[in-house]
Amino acid sequence: MKNSENPNFSASVREVTISKNEIIYKPPIAENYMYEVVQGVVKLGGYSETGEENTYDVIYSGDYFGNLKYLNGQFFEFSKTLVDSKIRIYDLAFFKKTIIENPVTSEWFIAYLLKRWCLAEKKLGQVNERSTFQKLEFLKSHFNIPVLDIHGEEHLLYNLLTQKDKGDLIGATRQTIANALKKKSVFIG
């Protein structure tokens, strides 16, 4: 959401570089910001009752995240970079005002939210209808895309995911993932 016509833009928006595997935010911090991945990859997730990270989404350049205040403290998440990334940080009051007052920006944001919602439902539907190996194949096809870090180095998004991340994204354990991949290699090789 770039808007050079808005005089408050430069006072309300800043860009930061965040190194690989660095936390952008985590509970209980509730900041008044929206975030945009300008370049790089960000993992979103939550924590189990024992404090273990659980990944529920991976986003990349052009995606927005943050602003959990609408959820009234019912939801907590962390965000962490998977490669060196550039993140644009929007002051929440500025972001909201821009969405409300600018019809073009409002239409864009509604379309963006619907796209993210649809993708989340599609992923959920795909992983609920398949065997573990088929779920992994779907995950690979979904995340088998090149992404750039801030140095211009290309990474295959799927390869940035750990077995734990893959398990979290398809509702399986690391061991289940390892067993499915091991069986695959027996059948192929």
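The values are calculated or read from the model by the stated rules, or taken from the named source; none is laboratory data. Given the structure is predicted, the values throughout are model-derived calculations rather than measurements. Every residue, glycine as well, gets a Cβ built from its backbone with ideal geometry; the counts of neighbours run over all protein chains shown. Each accessible area value is taken on the protein alone, full model and side chains, heavy atoms only, with ligands, DNA and RNA left out. Shrake-Rupley method; radii C 1.70, N 1.55, O 1.52, S 1.80 Å.
Kindly indicate the residue of segment 169-183 that is hydrophobic (A, V, I, L, M, F, W, C) and surrounded by fewer than 17 Cβ atoms within 10 Å (Cβ to Cβ) and also modelled with the highest pLDDT among those meeting that condition.
That would be ALA178.
For ASN128, indicate whether it is of a type outside the set (Gly, Ala, Ser), modelled with pLDDT of 85 or more, open to solvent by 40 Å² or more (accessible area, probe 1.4 Å) and closer than 27 Å to LYS183 by Cα.
No: the conditions fail for ASN128.
Looking only at segment 157-175, decide whether some residue is outside any loop (DSSP other than H, G, I, E, B) and more than 18 Å from the chain's Cα centre (by Cα).
For segment 157-175, residues outside any loop (DSSP other than H, G, I, E, B) and more than 18 Å from the chain's Cα centre (by Cα): present.
Among VAL104, VAL186, which is over 17 Å from the mean Cα position of the chain (by Cα) and either modelled with pLDDT of 90 or more or under 30 Å from VAL13 (Cβ atoms) (or both)?
Going through VAL104, VAL186 in turn, just one is over 17 Å from the mean Cα position of the chain (by Cα) and either modelled with pLDDT of 90 or more or under 30 Å from VAL13 (Cβ atoms) (or both): VAL104.
Consider GLY152 carefully, then state whether it is on the phi > 0 side of the Ramachandran plot and over 17 Å from the mean Cα position of the chain (by Cα).
yes
Residue by residue through segment 100-138, note down the ones that are of a type in the set (Val, Ile, Thr) and over 19 Å from VAL38 (Cα atoms).
Within segment 100-138, ILE100, VAL104, ILE110, VAL127, THR132 meet the criteria.
Filtering segment 1-29 down to residues that are within 30 Å of GLY51 (Cβ to Cβ) and assigned to a loop (DSSP other than H, G, I, E, B), which residue is modelled with the lowest pLDDT?
My answer is ILE29.
Just a yes or no: is a residue in segment 20-34 open to solvent by 20 Å² or more (accessible area, probe 1.4 Å), at positive phi and free of Cβ contacts under 8 Å to residues at least 40 places away in the same chain?
No, every residue in segment 20-34 fails to be open to solvent by 20 Å² or more (accessible area, probe 1.4 Å), at positive phi and free of Cβ contacts under 8 Å to residues at least 40 places away in the same chain.
Only one of (1) open to solvent by 20 Å² or more (accessible area, probe 1.4 Å); (2) modelled with pLDDT of 95 or more; (3) in contact with a helix residue (DSSP H, G or I) (Cβ under 9 Å, 6 or more places away or on another chain) is not met by ASP91, so which one is it?
(2)
Sort out which residues of segment 153-168 are closer than 12 Å to VAL83 by Cα, free of Cβ contacts under 8 Å to residues at least 24 places away in the same chain and open to solvent by less than 70 Å² (accessible area, probe 1.4 Å), and write them in order of number.
Within segment 153-168, just LEU156 meets the criteria.
Can you tell me which residues in segment 132-152 are open to solvent by 40 Å² or more (accessible area, probe 1.4 Å) and in contact (Cβ under 8 Å) with a residue 12 or more places away in the chain?
Result: THR132, PHE133, LYS140, HIS142, ASN144, ILE145, LEU148, ILE150, HIS151.
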